[in-house]
Amino acid sequence: DTPGNLIGGTGETDRNVIAGNDLNGGTSGVNVAVSGIQSTANVISANFIGVGSDGLTRLGGQTGIELVDAPFNRIGGATGGERNVVSGNVVGIEIEGMEARENIVIGNFVGIAADGQTPAANSRAGIRITESTDTVIGGLTDGIGQPPGNVISGNDSNQPNAHGLVLVRAHRTTVEGN
């Protein structure tokens, strides 16, 4: 259990590049993992996850960001400086478990490079929510691609069962402004 951590920050100088954590030839490995019911109030923002420091080169990982049974966390932020680029993984962002409730995913580029135009696919899913409750993905925005909305695009349509957003036994999920 890991409460109250900040991974990244509010802008480019706070950025982490976290990528390439791929075990067993791409069958396991998570770039950023937060788990446990006490893992609350964590913020993951302003990072390049699954891509290199140029925000474009795919370096991958099985899962870019994974929250497991971790409630009340935020991925991304309401400003462009807090945007994560979560691309080049198998699954970009995964939130799972019955205790993973009231998490917020806002203002991110998922499946697209930092320039907001170049595809950098997550090969199976951009965002996957499984058995979680009251997750918020995006928010009302003044324009396409502007925070708090996410850009969920370019996730690999050449792969079977590839999707931008997957909800599996997710309850009361709000998806808006993406």
- How much of LEU56 can a 1.4 Å solvent probe reach, expressed as accessible area in Å² and rounded to 10? 80 Å²
- What are the residues whose amide H is under 5 Å from the amide H of LEU165, where those residues sit 5 or more places off or on another chain and H is modelled from the backbone? GLY126, ILE127
- Task: Take the Cα gyration tensor of region 49-106, multiply each eigenvalue by 5, square-root it, and list the three semi-axes largest first, rounded to whole angstrom.
- Result: 22, 15, 5
- Note on the structure: Expressed as a percent, the accessible surface of region 9-121 that is carbon or sulfur, using a 1.4 Å probe and the full set of protein chains, is 49 percent
- Query: Where both residues lie in the chain, what percent of DSSP beta bridges are antiparallel, nearest 5?
  - Reply: 5 percent
- Item | Normalised contact order of region 87-127, rounded percent, pairs of Cα under 8 Å and 6 or more residues apart | 61 percent
- Query: Suppose every K and R has +1 on its Cβ and every D and E has -1 on its Cβ; what is the size of the dipole of region 1-98 about the Cα centre, in Debye to the nearest 20?
  - Reply: 180 debye
- Query: Rounded to a whole number of µm²/s, how large is the Stokes-Einstein D of the chain at 25 °C and 0.890 mPa s, given Rh as the Kirkwood radius over C-alpha pairs?
  - Reply: 160 µm²/s
- Query: Can you give the accessible area per residue of region 64-122, in Å², using a 1.4 Å probe?
  - Reply: 28 Å²
- Give the percent of DSSP beta bridges with both residues in region 15-88 that are antiparallel, rounded to the nearest 5. 15 percent
- Task: Output the relative contact order of the chain, whole-number percent, from Cα pairs under 8 angstrom with separation of 6+ residues.
- Result: 18 percent
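The values are calculated or read from the model by the stated rules, or taken from the named source; none is laboratory data. Model, not experiment: these values are computed from the prediction. Cβ: placed from backbone, ideal geometry, glycine included. Neighbour counts: every protein chain shown. Ligands, DNA and RNA are stripped out before the accessible areas are found, and what is left, the full protein with its side chains, is counted by its heavy atoms. Shrake-Rupley method; radii C 1.70, N 1.55, O 1.52, S 1.80 Å.
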